[in-house]
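One structure is given below, encoded as structure tokens.
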Amino acid sequence: MADEEIRPAGAADVPVVEGVIDAAFRPYIERIGRVPQPMEEDHAANVAAGKVFVTGEPVIGLVVVEAFEDHLFLDIIAVHPTAHGRGVGRRLLRFVEARARALGLPEIRLCTNAMMWENQKIYPRYGYELMERRVDGPYDRVHYRKRLL
């Protein structure tokens, strides 16, 4: 697992990207009372824009990132439930950090739904600090950042 490549997604990956995101986020629908935002994104557009990176053959994990002037935004991280506990998420988080550094960006930002409390335990373990909790439209979100020194 440690040497599995993380590569940019291509157009042929769009269906599997959608499948991994669906499998990863579908369990949260009942808990948060609506479809999680990652399930509603235009994944084909994100792939075409070069924002999606995947790992595994077949694909078992992915990240969607977007570079801004002062940070890299981690929009989505998703690991297929069949791959949980295999270090895929950890490798993807390391990839995001390396990508931010390669782009010369001083920090990574992300947010998670407040009802996805598992994530609120994970991100601080990887150096992310809580910035704020706020409601963005229909979503109650917890915002984090990781400063890269």
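Placing unit charges on each Cβ (+1 for Lys and Arg, -1 for Asp and Glu) gives the range 42-149 a dipole about its Cα centre, and among A44, Y139, L105 the Cα reaching farthest toward its positive end belongs to L105.
Summing +1 for each Lys or Arg and -1 for each Asp or Glu among the other residues whose beta-carbon sits under 15 angstrom from that of R134 gives +1.
Measuring max minus min along each principal axis, the C-alpha atoms of the range 1-77 give extents of 35, 33, 24 Å (largest first).
Among the chymotrypsin sites (Phe, Trp or Tyr not before Pro) in the range 60-126, those located in a DSSP loop and surrounded by at most 14 other Cβ atoms within 10 Å of their own Cβ are F68. Over the chain, the Kirkwood radius and the radius of gyration, each from Cα atoms, give a ratio Rg/Rh of 0.93. Each of E40 and D70 was given a label point 7 Å from its Cα along the Cα-to-Cβ line. The distance between the two points is 2.8 nm.
In deg cm²/dmol and to the nearest 500, what is the mean residue ellipticity at 222 nm of the chain if only DSSP H runs of at least 4 residues count, each as -39500 (n - 2.57), divided by the residue total?
-9500 deg cm²/dmol
Express the relative contact order of the chain as a whole percentage, based on alpha carbon pairs under 8 Å and six or more residues apart in sequence.
19 percent
Values quoted throughout were computed directly from the atomic coordinates according to the rules given, and no laboratory measurement underlies them. Small disclaimer: the values here were computed from a predicted structure and weren't measured. Please note: Cβ atoms are built from the backbone with ideal geometry, for glycine as well, and neighbour counts cover all protein chains shown.
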